[in-house]
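> Take a look at the following structure, please.
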Amino acid sequence: MKKNIEITHVCLAETVYSLMIYMLLVKEEDLKKTFFFVSESLPYSIIKKMSYSHCFHIPQKRYMKWLFRIQLYWTSMFRWPFIKHCRIYGSDNYLFSSGVVRENKMTLIEDGASNYSLLPSDRRVFFLKKFLMGNIAAYGCGGVSPNVYKICLTGLMPIPTAIKDKVEIISIENKWNSLTDSYKKLIQYVFDFSISDLDDIKSKKTVLFTQPMWEDGLIEKEEEISLYNQLLSDCDMENLVIKVHPRDTMDYSSLFPKAYIFTKKIPMELLSLFGVRFTDVYTVFSTAALVLPYKANIHFMGTTVHPNLLKMRGKIEYLER
């Protein structure tokens, strides 16, 4: 980190969506004084544009994850002492969230469907987790921890009763419209987004939002492919845009050779703000389909379509409003 620069804000982000929400919530001058805690889940093309950041390498083995969280909790106060003087934003469902935040207060920002489908924490190890890893690890994610005093959501699904008193509903479109032109250009720069990116997709009427289900160990690769085949069985492939999730490594060009594959690491919500409109939106359970600022036909399978999705992500379904 450069010397003589006052860090006033901290942001925890692993997804382009939560990063975009953070940028909409703070001022341009605050963004320039933000220290970002991220993981390799966030595209490197974005991380390298952050002036101040630390990227965690997340271990895969379960016992290593415990050691990672314990070590981080007991060392972060010495490694990044400025945190306790900053305004902290981000999600509390990352492996590094509890260790970075520790006993400090934070504003939770929407990171997807997990904000609306709270999974209960294991109360049998509550005190052990609290001592070794902090409040967030013990209480669980989604804003139930006493560390979280405010939660910024878009209201794309019903708000859980446990967090209702902390929630502030925000509008992505209204937040964007309130930004200065210079700030809008800065956000476009971070996501490597230009108007020319819209040329190939504006004429299409249908979109599929993919998800890294087999990469995240939720289901087998063949099962994920089967779900997409089922979901798109009646779809006109020549009129389809496949918006690939930033962490999705599936070869969609071989699976759906007639579709247009869009792989740039840009939040769909940002494209919508520049006039991209689809009449039909397909997904297994991506919340990107639920926050579009226009009316569309939503084809949403939900997590009940597979027992592993239901177990590991909770019940996520689309209720037309």
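> Considering only residues that are under 13 Å from residue 207 (Cα atoms) and over 19 Å from the mean Cα position of the chain (by Cα), which ones fall in the range 259-280?
Those that are under 13 Å from residue 207 (Cα atoms) and over 19 Å from the mean Cα position of the chain (by Cα): 259, 260, 261, 276, 277, 278, 279, 280.
> Now for a different question. What pairs come up if the first residue lies in the range 1-29 and is under 29 Å from residue 244 (Cα atoms) and of a type in the set (Ser, Thr, Tyr), the second is modelled with pLDDT of 95 or more and part of a helix (DSSP H, G or I), and their beta carbons are under 9 Å apart, counting only those six or more places apart or on different chains?
Taking only residues 6 or more apart or on different chains, the pairs are 22/31.
> For the range 93-164, list the helices (runs of 4 or more DSSP H) that sit wholly inside it and hold at least 2 residues that are among the aliphatic types (A, V, I, L, M) and surrounded by 22 or more Cβ atoms within 10 Å (Cβ to Cβ); which are they? Outline the logic, then answer.
Details: elements: 97-101, 126-133, 135-139.
Filter on the range 93-164 gives 97-101, 135-139.
> Return yes or no: is residue 228 more than 29 Å from residue 185 (Cβ to Cβ) and in a strand (DSSP E or B)?
Working: more than 29 Å from residue 185 (Cβ to Cβ): yes; in a strand (DSSP E or B): no.
Against the criterion (more than 29 Å from residue 185 (Cβ to Cβ) and in a strand (DSSP E or B)), residue 228 does not qualify.
> Right, another one. Going through the range 30-62 one residue at a time, which ones are closer than 16 Å to residue 99 by Cα and either out of contact with any Gly (no Cβ under 8 Å at 6 or more places or on another chain) or free of Cβ contacts under 8 Å to residues at least 40 places away in the same chain (or both)?
Matches in the range 30-62: 35, 36, 38, 39, 53, 54, 55, 56, 57, 58, 59.
> Those residues that are farther than 26 Å from residue 51 by Cβ, assigned to a loop (DSSP other than H, G, I, E, B) and aromatic (Phe, Trp, Tyr), I need them from the range 171-218; list them, please. So that I can check it myself, show each step before the final result.
In the first step, residues of the range 171-218 are kept if they are farther than 26 Å from residue 51 by Cβ; the result is 171, 173-174, 177, 196, 198-218.
Okay, now just the ones that are also assigned to a loop (DSSP other than H, G, I, E, B), so 171, 199-205, 210-218.
Hit for the range 171-218 is 214, nothing else.
> Of these, 16, 38, which one is surrounded by 15 or more Cβ atoms within 10 Å (Cβ to Cβ) and touching a Ser or Thr at 6+ places or on another chain (Cβ under 9 Å)? Quick ask: steps written out before the conclusion?
On the way: 16 fails: touching a Ser or Thr at 6+ places or on another chain (Cβ under 9 Å).
Selected residue: 38, the only one of 16, 38 that is surrounded by 15 or more Cβ atoms within 10 Å (Cβ to Cβ) and touching a Ser or Thr at 6+ places or on another chain (Cβ under 9 Å).
> Just to verify a result, which residue in the range 211-239, among those that are within 22 Å of residue 280 (Cα to Cα) and in contact with a Lys or Arg (Cβ under 7 Å, 6 or more places away or on another chain), is surrounded by the fewest Cβ atoms within 10 Å (Cβ to Cβ)?
238
> Now a separate question. Looking only at the range 143-161, how many residues end up being under 13 Å from residue 106 (Cβ atoms) and either out of contact with any helix residue (DSSP H, G or I) (no Cβ under 8 Å at 6 or more places or on another chain) or not basic (Lys, Arg) (or both)? Quick ask: steps written out before the conclusion?
Step one: list which residues in the range 143-161 are under 13 Å from residue 106 (Cβ atoms), which gives 143-152.
Okay, now just the ones that are also either out of contact with any helix residue (DSSP H, G or I) (no Cβ under 8 Å at 6 or more places or on another chain) or not basic (Lys, Arg) (or both), so 143-149, 151-152.
The total comes to 9.
> What's the total number of residues in the range 241-261 that are without any contact (Cβ under 8 Å) to a residue 40 or more places away in the chain and hydrophobic (A, V, I, L, M, F, W, C)? Quick ask: steps written out before the conclusion?
As a first pass, look at the range 241-261 and keep what is without any contact (Cβ under 8 Å) to a residue 40 or more places away in the chain: 242, 244, 248-249, 251, 253-258, 261.
With hydrophobic (A, V, I, L, M, F, W, C) added as a condition, the list becomes 242, 244, 255-256, 261.
Of the residues in the range 241-261, 5 are without any contact (Cβ under 8 Å) to a residue 40 or more places away in the chain and hydrophobic (A, V, I, L, M, F, W, C).
> Hey, another quick one. Can you tell me which residue is surrounded by the fewest Cβ atoms within 10 Å (Cβ to Cβ) among those in the range 172-204 that are small (Gly, Ala, Ser) and without any contact (Cβ under 8 Å) to a residue 40 or more places away in the chain?
If we filter the range 172-204 for residues that are small (Gly, Ala, Ser), which is where we start, we get 178, 182, 194, 196, 203.
Filter once more, so that each one left must be without any contact (Cβ under 8 Å) to a residue 40 or more places away in the chain: 178, 194, 196, 203.
Numbers: 178: 10, 194: 12, 196: 7, 203: 10.
Here the answer is 196.
> Any idea which residue in the range 261-309 is surrounded by the most Cβ atoms within 10 Å (Cβ to Cβ), counting only those that are in a loop (DSSP other than H, G, I, E, B) and among the β-branched types (Val, Ile, Thr)? Reasoning before the result, please.
Kept after step one, since they are in a loop (DSSP other than H, G, I, E, B), are these residues of the range 261-309: 263-267, 274-279, 284-286, 290-296, 301-302, 306.
Among the residues that remain, those that are also among the β-branched types (Val, Ile, Thr) are: 263, 266, 276, 279, 284, 291.
Values: 263: 13, 266: 20, 276: 19, 279: 13, 284: 26, 291: 20.
Checking each candidate, the answer is 284.
> Which of the following residues is within 19 Å of residue 24 (Cβ to Cβ) and either within 19 Å of the chain's Cα centre (by Cα) or assigned to a helix (DSSP H, G or I) (or both): 168, 238? Walk me through it before giving the result.
Numbers: 238 fails: within 19 Å of residue 24 (Cβ to Cβ).
Result of the check over 168, 238: 168.
The values are calculated or read from the model by the stated rules, or taken from the named source; none is laboratory data. Please read all numbers here as calculations on a predicted model, not as lab measurements. Neighbour counts are summed over all protein chains in view; Cβ atoms, including those assigned to glycine, are modelled from backbone coordinates with ideal geometry.
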